[in-house]
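Okay, so here's the structure we're looking at.
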Amino acid sequence: MAELTTGQGVAPSPPALKSAVRVEGLTKVYPNGLRAVDSVSFDVKEGEVFGLLGPNGAGKTTVIKSILTLTSPTSGRIFIRSVDALANQAAVRQVMGYVPQEVSVDGDLTAYENLLIFSKLYYVDRAERGTRIREALRYMGLDERSDDLVKTFSGGMMRRLEIAQALVNRPSVLFLDEPSIGLDPAARLEVWRHVRKLNEELRTTIFLTTHDMLEADRLCHRIAIMNAGKIVVSGSPDELKAGVGRELVSVRMGGGGPGGLESGPVVLPPGFEFMKQDDGPGPGRGAGGREDVILVGGRAEEGVPQIVRAYEAARVDVSSISVSRPTLDDVFLKYTATRIGEAEEFRQAKSARRSFRKHAR
Amino acid sequence: MPGESNAVAGVLHERQRPVLLRFVTSSLVVAEMEARKIKHASSELWIRAIQPALWLLVFGSALAGVRDIAPSQFSYMAFITPGILSQSVLFIAIFYGVTLVWERDLGLLNKLLATPAPRPSIVVGKALAASIRGVFQGLLVLALSIAIGTGISVNLLYILGVFGVVILLAMCFSSLSMVIASLARTRDRMMGLSQVIIFPLFFASNAIYPTQIMPEWLQLVAKANPLSYGVQAVRSLLLTQNFTMLPTDLAVLAGYTLGLLSLASLVLRRIAS
Ligand SMILES: Nc1ncnc2c1ncn2[C@@H]1O[C@H](COP(=O)(O)OP(=O)(O)O)[C@@H](O)[C@H]1O
Ligand SMILES: [Mg+2]
């Protein structure tokens, strides 16, 4: 496991550095001999959104289930706020909230009832129950549907209700297993907005798993990329992407140099390098003129002024500049030599959610 | 809202509710969940009552003419009322394992297991939930039997006793079903296994004929069958009013129930993973 430390312009992690969830050498071998999780270690800090990113079957859910004491690890240690989770199972369950990957609200109950039952199972004081439930529903934007049967809800509303349900015991860590799986793009954005709000406004520590790079990129302060039971690399999204290699600047050039002057060869400053240099209009090129692609040592935006100066010095007319950066998919590609194939799983989960609603009706 | 709670350390040191209290509360809450579901879909209760009604009316009438099938001092319809009542509870309870597998396939079971509720309370809660439906079935069968004048005795105290037996029967067979669920593990196999087990339980018992008419080996099976003890207990309450065997019947049934509840609690995690 590599820990990246290139710290330029990284989104700051929250200041609290106390450990919320610490996992050491977690290994889970299923009875059928499959090593689903293999010596996984990480440390989630309080107030942080921590993401476990990996393709279907990487072992993410198994990690979550181990932490939540839903399955017993083969070896390894787990601490929730430095309390040994394996030795104090009921006590640590009391302070964790859990939204499983699958649907976990009961379609035959109302939204309010779903939360009521769970507040009782978490031994929330009778006097406080009503307030907490209403607050959680309002926070997730569901207060108007409080008394409707959940089977009438859309997938996105169900997901938000599941999160609300996990909030009634005011968990110190919230576990979200694939929070936006199977949701349509609008519902997905809505869930993201709520997750971020939870973390920013209420400082809830959030541990999520996802196979969706964009989700990891948007929501997480830190990410651990998991493949075939192992964490292959971890760091903030920016660190990880910076670790992939250099960023790219594409330069589109206009016609001739200004004022009819002869343009000379472009000389790039040190640390910059042409990946592709265009000599003139050629076949298959649009009317937009010529395009150079330059590899930049550091962050691309910071290289742009120097590039522009180099082109000016050579009297080459620049019409537009664009910057492209590696994505988390490129990070995954670099460390595992495969891309996260997500389309299929996404479709499957979506149809499962639909068929649940159909059956529930 | 979540956040600044002083988390685990606090919870560990906080004076915890006694385990027994947590166990009882959680069991009742899991049962409450079911009760609320029934409330929202009460028509289902009536639909489920059709089958036992048909057994009593059609099967009971059809065989009422066959001589010597039942002890002569009672009508055959009176004789099978306790049998049909117990059978209807068996049929309701044995499908609780299917529900459990279904809830596993969704994330519901895992979510329940992730609460601090003691795990056996989830099993006991589900078994109590089966009892709620069982009691309703019992009420309808009894009402029907009284309405058509089968001649069962109508003594409030004894009828309360019948519901005690119904609750035991429902808990017994729903926990048996949860144990089977841990072996079947998929919904389809679970459906299949439930069908397979339900008929031997029903026919190899004293529910609709006295065991004396069976070959010896089948009598042994019937003697091991918890349903027989339930039927016998209900029969003594509703027909003979001879209670010499009642303590034994109840003890055997309670023993089965306790054993199966414990077994189901042990294998619950197997269903979940
Ligand atoms: N109960 C189980 N028994 C055997 N294998 C399992 C079980 N649960 C999961 N697996 C296997 O373990 C691997 C990791 O699964 P999982 O943790 O669900 O991955 P992810 O959540 O990343 O998709 C997969 O190959 C899966 O098939
Ligand atoms: Mg998963």
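Which one is nearest to B:Leu108 (Cα to Cα), of the residues in segment A:90-110 that are crowded, with 21+ Cβ neighbours inside 10 Å and in contact with a Pro (Cβ under 7 Å, 6 or more places away or on another chain)?
Going through the qualifying residues, I end up with A:Val99.
Can you tell me which residue within segment A:165-192, out of those that are closer than 21 Å to B:Thr115 by Cα and in a helix (DSSP H, G or I), is nearest to the other protein chains (Cβ to nearest Cβ)?
Going through segment A:165-192, the residues closer than 21 Å to B:Thr115 by Cα turn out to be A:165-179.
Next, from what is left, pick out any that are in a helix (DSSP H, G or I): A:165-167.
Working: A:Gln165: 8, A:Ala166: 8, A:Leu167: 6 Å.
Among them, the one singled out is A:Leu167.
For residues that are out of contact with any Leu (no Cβ under 7 Å at 6 or more places or on another chain) and not charged (D, E, K, R), tally how many sit in segment B:170-197. I'd like the intermediate steps shown before the answer.
Going residue by residue through segment B:170-197, those that are out of contact with any Leu (no Cβ under 7 Å at 6 or more places or on another chain) are B:170, B:174, B:177, B:182-183, B:185-197.
Keeping just the survivors that are not charged (D, E, K, R) gives B:170, B:174, B:177, B:182-183, B:186, B:190-197.
Total meeting the criteria: 14.
Does A:Tyr30 satisfy being surrounded by fewer than 21 Cβ atoms within 10 Å (Cβ to Cβ), within 16 Å of ligand 2 (Cβ to nearest atom) and either facing another protein chain (nearest Cβ under 9 Å) or under 24 Å from the mean Cα position of the chain (by Cα) (or both)?
Yes; evaluated as a whole, the condition is true for this residue.
For the subset of segment A:193-210 comprising residues that are more than 13 Å from chain B (Cβ to nearest Cβ) and more than 16 Å from ligand 2 (Cβ to nearest atom), which member is nearest to A:Val44 (Cα to Cα)?
Checking each candidate, the answer is A:Arg196.
Of all residues in segment A:60-75 being surrounded by 18 or more Cβ atoms within 10 Å (Cβ to Cβ) and away from ligand 2 (no atom under 16 Å from the Cβ), which is nearest to A:Ser41 (Cα to Cα)? Let's see the steps before the verdict.
Going through segment A:60-75, the residues surrounded by 18 or more Cβ atoms within 10 Å (Cβ to Cβ) turn out to be A:60-71, A:73.
Next, only the ones that are away from ligand 2 (no atom under 16 Å from the Cβ) stay: A:69, A:73.
Working: A:Thr69: 17, A:Pro73: 13 Å.
Among residues in segment A:60-75 that are surrounded by 18 or more Cβ atoms within 10 Å (Cβ to Cβ) and away from ligand 2 (no atom under 16 Å from the Cβ), the one nearest to A:Ser41 (Cα to Cα) is A:Pro73.
Which residue, of A:Gly130, A:Gly141, is assigned to a helix (DSSP H, G or I) and either within 8 Å of another protein chain (Cβ to nearest Cβ) or small (Gly, Ala, Ser) (or both)? Write out each step before concluding.
Working: A:Gly141 fails: assigned to a helix (DSSP H, G or I).
Answer to the check: A:Gly130.
Does A:Thr71 satisfy being among the polar types (S, T, N, Q) and either within 16 Å of ligand 1 (Cβ to nearest atom) or at the interface with chain B (Cβ under 7 Å from one of its Cβ atoms) (or both)?
For A:Thr71, the condition - among the polar types (S, T, N, Q) and either within 16 Å of ligand 1 (Cβ to nearest atom) or at the interface with chain B (Cβ under 7 Å from one of its Cβ atoms) (or both) - is met.
So which helices (runs of 4 or more DSSP H) are wholly in segment B:17-131 and hold at least 3 residues that are under 30 Å from A:Ser119 (Cα atoms)? Talk me through it step by step, then tell me what you get.
Details: elements: B:19-40, B:43-54, B:60-64, B:76-93, B:96-105, B:108-113.
It comes to B:19-40, B:43-54, B:96-105, B:108-113.
Quick one: would you say A:Glu113 is buried (at least 20 other Cβ atoms within 10 Å of the Cβ) and closer than 26 Å to A:Gly182 by Cβ? Walk me through how you get there before you give the answer.
Details: buried (at least 20 other Cβ atoms within 10 Å of the Cβ): yes; closer than 26 Å to A:Gly182 by Cβ: yes.
So A:Glu113 passes the test.
Hey, can you tell me all the residues within segment A:101-117 that are under 28 Å from the mean Cα position of the chain (by Cα), of a type in the set (A, V, I, L, M, F, W, C) and facing chain B (nearest Cβ under 7 Å)?
Scanning segment A:101-117 gives a single hit, A:Val103.
Looking at B:Gln212, B:Gln232 in this structure, which one is modelled with pLDDT of 90 or more and either in contact with a Gly (Cβ under 6 Å, 6 or more places away or on another chain) or in a helix (DSSP H, G or I) (or both)? Quick ask: steps written out before the conclusion?
Numbers: B:Gln212 fails: modelled with pLDDT of 90 or more.
Sole residue among the options that is modelled with pLDDT of 90 or more and either in contact with a Gly (Cβ under 6 Å, 6 or more places away or on another chain) or in a helix (DSSP H, G or I) (or both): B:Gln232.
Note down all Cβ pairs under 6 Å where the first residue falls in segment A:198-218 and is under 27 Å from A:Asn169 (Cβ atoms), the second is among the hydroxyl-bearing types (Ser, Thr, Tyr) and within 13 Å of ligand 1 (Cβ to nearest atom), and they're at least six residues apart or on different chains.
Taking only residues 6 or more apart or on different chains, the pairs are A:Ala216/A:Thr210.
The values are calculated or read from the model by the stated rules, or taken from the named source; none is laboratory data. Since the model is a prediction, treat every value here as computed from it, not as a measurement. Cβ sites come from the backbone with ideal geometry, for glycine too, and all protein chains shown count toward neighbours.
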